Every structure is written in structure tokens, then in C-alpha cells.
Amino acid sequence: MDYTISVGKAGLDAVVSEVKLQLSKKREVKLKVNPSIIEGRMKEFTKKLGSDLAKKTNSKLTFVRGRTFILRRD
């Protein structure tokens, strides 16, 4: 599964509506974090970002590896 959304310098607010739109059409969405926005340890940063986005989109964080994570609709 290739990633469909990239989280960049604009942050979470820029991708919330796109994630909601894709989750309304598909069961899962794969996202990749731009390395220039990572602060601290990559996995912990990605996990926190994924958790925050899951809360904002009423979905569930199901997978984290490196800069990539998957959200699944509830």
C-alpha cells in the first residue's frame, strides 16, 4: 500500500479534511511525515502525530513505522 497523504510543514490542520475525505471512501489511509518537520526521535514523533490526527478525524492509529503511519476509520 503506497502512502496517499504527506504531512508537511503546514502541519496537521492542513491534512485533516483530506484524511476525513479519504476515510469516507476507503477503510484505511496511509500517511508519510516530511522529515523536515520531525522533532526529536522519529518514531515517537510520528506516533504522537498519528494519535493527534486520529483524534481529529475520529479514526484509529493502527500502524507506525519510521515516518509512516496508517489510520483506519472506526
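A short reminder: the numbers here are calculations on the coordinates, not readings from a lab. What you see is a predicted model; the values in this text were computed from it and never measured. Neighbour counts run over all protein chains shown; Cβ positions are idealised from the backbone, glycine included.
Given Cα pairs under 8 Å that are at least 6 residues apart, what percent is the relative contact order of the chain? Could the numbers behind the result be given before it?
Values: 115 pairs, mean separation 24.4, N = 74.
Once divided by the residue count of the chain, the mean separation gives 33 percent.
Using +1 on the beta carbon of Lys and Arg, -1 on that of Asp and Glu, and nothing else charged, what's the dipole of segment 5-73 about the Cα centre, debye to 20?
Magnitude of the dipole: close to 340 debye.
Can you show me the helix-derived [θ] at 222 nm for the chain, built from DSSP H runs with n ≥ 4 at -39,500 (n - 2.57) apiece and divided by the number of residues, rounded to the nearest 500. Could you put the intermediate results ahead of the total?
Values: 2 runs with 26 residues, N = 74.
-11000 deg cm²/dmol, from helical runs alone.
Using 0.36 nm per residue of separation minus the Cα-Cα distance, give me the extension gain between Glu18 and Thr4 in nm, one decimal.
Values: separation 14, 0.36 × 14 = 5.04 nm, distance 0.98 nm.
Full extension of this stretch gives 4.1 nm more.
Mind computing the radius of gyration and Dmax over the alpha-carbon atoms of segment 5-73? Å is fine for both.
10.8, 34
What is the extension gain from Lys25 to Phe63, computed as 0.36 nm multiplied by their sequence separation minus the C-alpha to C-alpha distance, in nm to one decimal?
On the way: separation 38, 0.36 × 38 = 13.68 nm, distance 1.94 nm.
Fully extending the segment from Lys25 to Phe63 adds 11.7 nm.
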